[in-house]
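Since the structure comes first, as structure tokens, the remarks are kept for the end.
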Amino acid sequence: MRIAIASDHAALDMKSALVAHLQQVGHEVSDLGPHNLESVDYPDFGYKLARAVATGAAERGIAICGSGIGISIAVNRNPACRCALVSEPLSAQLSREHNDANVIALGARLIGAEMAKTCVDIFLATPFGGDRHQRRVNKLTNPDIA
């Protein structure tokens with residue numbers, strides 16, 4: 001799977017651990033930065049990640065900042081993205097099954113690297129449930145039909 005990943009400076013270590021993990025299990029990973037500990041603004045990297053997913057350059061995205069909150073808000077500004085902030089495996093699973101999320105957001109200051117790997121693995125492996133959920137996802141993509 002083609003995966004884009006981006007973070008802010010607070011999440012650089014977690015991003016690096018996830019890039020290595022994803023490559024090890026065979027995914028094609030585009031690391032959109034940052035690449036050092038210099039202070040950056042998470043919206044810039046959230047927007048960059050959202051563009052990669054929206055244009056099809058990546059099939060899925062992983063967004064990480066200190067809490068996961070700010071970068072998830074930035075990603076969700078793009079109407080082609082459905083970014084879910086998760087901190088445990090069930091939320092990662094349900095974000096795909098029920099919401100067809102195409103981006104997962106994680107808080108590097110809130111969960112450890114092993115939990116992040118577990119959440120990402122489940123997120124990437126879980127298919128969208130379709131059926132009754134499709135109507136709701138359509139409303140997320142096009143609020144005018146709600």
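Applying 1/(1 + (r/R0)^6) with R0 = 30 Å to the Cβ-Cβ distance of Ala20 and Ala80, what FRET efficiency is obtained, to the nearest 0.05? Each step should come with its number before you reach the end.
Details: r = 28 Å, r/R0 = 0.93.
E(calc), rounded to 0.05, equals 0.60.
To the nearest 0.05, what FRET efficiency results for Asp144 and Met115 with a Förster distance of 22 Å applied to their C-beta separation? Spell out each step's value before the answer.
Numbers: r = 38 Å, r/R0 = 1.71.
So, using R0 = 22 Å, E works out to roughly 0.05.
How long are the three semi-axes of the equivalent ellipsoid of the chain, in whole Å, if each is the root of 5 times an eigenvalue of the C-alpha gyration tensor, listed from largest down?
On the way: eigenvalues 107, 55, 37 Å².
Over the Cα atoms of the chain, the ellipsoid semi-axes are 23, 17, 14 Å.
Go ahead and run the numbers for FRET between Ala54 and Glu97, Cβ-Cβ distance against an R0 of 25 Å, rounding to 0.05.
0.70
GluC sites (Glu not before Pro), restricted to region 1-60: which are DSSP loop and have at most 12 other Cβ atoms within 10 Å? Before the final figure, lay out each step's value.
On the way: sites: Glu28, Glu38, Glu59; in loops: Glu38, Glu59.
Hits after loop and neighbour filter: Glu38.
Each reported figure results from applying straightforward, stated rules to the coordinates on display, with no laboratory input. Source: prediction; values computed, not measured. No Cβ is skipped: glycine too gets one built from the backbone with ideal geometry, and neighbour counts run over all protein chains shown.
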